[in-house]
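Reading through the structure tokens given below for one structure.
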Amino acid sequence: MVTKIGLFLVMLMMLFLSACGDISTQLPVSDVQDKMINSILINSEDQVIGEVNLSEGTKGVTIEIKAEGLSPGQHGIHIHEKGECTAPSFESAGGHFNPTNKAHGFNNLQGFHAGDLPNVDVGKDGKLYVVIKTEELTLAPGKENSILDEDGSALVIHEKEDDYKTDPSGNSGSRIACAIIK
Ligand SMILES: [Cu+2]
Ligand SMILES: [Zn+2]
């Protein structure tokens, strides 16, 4: 509410100022729509194995992942709470991003974490290309569900598939790849 009123006041001010002809007549465009995050994905040996691109539109955040050198099959992936990817364990990224204090998993009655994402399927060639959309997250700073909070966040790929119900991490095994989101 406060931010809405604040935004309204800023817009009024912009209108007033542009009416004076002192500044550009171009109206301010929301930076949320334009924000794009590009990050490298590293494995537990600290080697670059791909990239992660995030953008935000009117319907939430789009996460694009390109990677290679992964083991074929289903893998759990999540947004974790801290923007730190220290190999080999990636424990530095903390737990799942969970601003609403829920339990883990889409099939958990007390769930789910805002950072929970659907499993991804790595091909027999070890390659992954996937685009995931989520309305649970935002890149807009200052919001409770912003993954661009003070310490950033991280996208983590796990060894095994997420069972969507075991708290706190879906029994998805160790962390095998990590990308900083800052
Ligand atoms: Cu995870
Ligand atoms: Zn979770």
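The values are calculated or read from the model by the stated rules, or taken from the named source; none is laboratory data. What you see is a predicted model; the values in this text were computed from it and never measured. Cβ atoms come from the backbone with ideal geometry, glycine included; neighbour counts cover every protein chain shown.
Points to keep in mind about this one:
- Where residue 75 falls short, out of the listed (1) under 12 Å from the mean Cα position of the chain (by Cα); (2) within 16 Å of ligand 2 (Cβ to nearest atom): (1)
- Complete set of residues in the range 79-99 that are within 13 Å of ligand 1 (Cβ to nearest atom) and hydroxyl-bearing (Ser, Thr, Tyr): 89, 92
- Among the strands (runs of 3 or more DSSP E) confined to the range 69-182, the ones with at least 2 residues that are in contact (Cβ under 8 Å) with a residue 60 or more places away in the chain, touching a strand residue (DSSP E or B) at 6+ places or on another chain (Cβ under 7 Å) and surrounded by fewer than 17 Cβ atoms within 10 Å (Cβ to Cβ) are located at 73-75, 128-134.
- Residue 170 falls short on exactly one of the conditions (1) within 13 Å of ligand 1 (Cβ to nearest atom); (2) touching a Ser or Thr at 6+ places or on another chain (Cβ under 6 Å), and that condition is (2).
- Test: residue in the range 100-110 that is away from ligand 1 (no atom under 16 Å from the Cβ) and in contact with an Asp or Glu (Cβ under 7 Å, 6 or more places away or on another chain): no
- Residue match in the range 106-124 (condition: within 11 Å of ligand 2 (Cβ to nearest atom), among the charged types (D, E, K, R) and touching a Ser or Thr at 6+ places or on another chain (Cβ under 8 Å)): no
- Any chance residue 52 is within 14 Å of ligand 1 (Cβ to nearest atom), buried (at least 18 other Cβ atoms within 10 Å of the Cβ), modelled with pLDDT of 95 or more and more than 14 Å from residue 169 (Cα to Cα): yes
- Any hit, the range 123-135, residues being closer than 19 Å to residue 90 by Cα and out of contact with any helix residue (DSSP H, G or I) (no Cβ under 9 Å at 6 or more places or on another chain): no
- Residue check for residue 138: in the same structural domain as residue 46 (by TED's automatic domain parsing), away from ligand 2 (no atom under 14 Å from the Cβ) and under 30 Å from residue 58 (Cβ atoms): yes
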